[in-house]
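Have a look at the structure below, then the notes.
The values are calculated or read from the model by the stated rules, or taken from the named source; none is laboratory data. Computed from a predicted model, the values in this text were never measured in an experiment. Cβ coordinates were reconstructed from backbone atoms using ideal geometry, including for glycine residues, and neighbour counts include every protein chain displayed.
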Ligand code: ADE
């Protein structure tokens, strides 16, 4: 996977992606991250990349030419026209499924805007996907690009320690992850659940799966509709739903 980030702040994205797992994945040659400074593609004497909006209004708008020229120079270098993901609160909200789909691409371009946005004509010309990281407004697209790159990268084989760990975690199967414990067995009077010390793998699996179901019901019940549960698990879910109902005094009377 090769990421190409079109930005006015290359140091921000390169700094954030050079450490920890994503940094190591680059060293291992599993992925590459390059930041392309949009400012390098301005033809203006003073290096301006923005101007006031036509029709008036607050703020500045990034001009179309440097954005399109930066992308065209990249395409000429690569010999293909990769997908361009524009980071915008107006986009589809990014999720694990989108991450999985994007992880199959060979190259991805992240277009990061600043100020009041980018001239619509550049967006019309080059953007293939509008993506948001949530219903709130940030000062620029760099943090969203870093969030998405982190999430996509951990799905690339070899990036995480073992191939299975990406799958077991939250959102696989639309269930949240079960709780984890490590030494010591007792911390401040709180014991590790007995079953995890038993060495009985089938019981541990059953306990973990049930914890995932319980946790998803408590914290993200919206996910349960899409979760794949066996008949037994569905019965377990119904039993804890009844338990919750009784606790809240909803006993049908
Ligand atoms: N740019 C500003 N806010 C954003 C958001 N929530 N998601 C993606 N890009 C953004």
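Side notes on the structure shown:
- Just one residue in the set 74, 6 is touching a helix residue (DSSP H, G or I) at 6+ places or on another chain (Cβ under 7 Å) and modelled with pLDDT of 95 or more; that residue is 6.
- Scanning segment 185-221 for residues that are part of a loop (DSSP other than H, G, I, E, B) and either closer than 25 Å to residue 244 by Cα or touching a residue at least 60 places away in the same chain (Cβ under 8 Å) (or both) returns 192, 193, 220.
- Among (1) more than 18 Å from residue 92 (Cβ to Cβ); (2) surrounded by 15 or more Cβ atoms within 10 Å (Cβ to Cβ), the one test that residue 184 misses: (2)
- Restricting segment 85-126 to residues that are more than 14 Å from the ligand (Cβ to nearest atom) and not in a helix (DSSP H, G or I), the residue that is nearest to residue 142 (Cα to Cα): 109
- In segment 77-94, the residues that are touching a residue at least 40 places away in the same chain (Cβ under 8 Å) and closer than 13 Å to residue 112 by Cα form Cβ pairs under 8 Å with partners that are more than 14 Å from the ligand (Cβ to nearest atom) and assigned to a loop (DSSP other than H, G, I, E, B), at six or more places apart or across chains, as follows: 84/128; 85/128.
- Pair list, Cβ under 8 Å, 6 or more apart: segment 133-144 residue at pLDDT 95 or above, other residue near the ligand (Cβ under 6 Å from one of its atoms) and assigned to a helix (DSSP H, G or I): 133/144; 138/144
- Given (1) farther than 30 Å from residue 28 by Cβ; (2) in contact with a strand residue (DSSP E or B) (Cβ under 8 Å, 6 or more places away or on another chain), number of the condition residue 85 does not satisfy: (1)
- Candidate set: segment 127-142, residues that are under 26 Å from residue 23 (Cα atoms) and within 8 Å of the ligand (Cβ to nearest atom); chosen: the one surrounded by the fewest Cβ atoms within 10 Å (Cβ to Cβ): 139
- Number of the condition not met by residue 176 [criteria: (1) closer than 24 Å to residue 3 by Cα; (2) surrounded by 15 or more Cβ atoms within 10 Å (Cβ to Cβ)]: (1)
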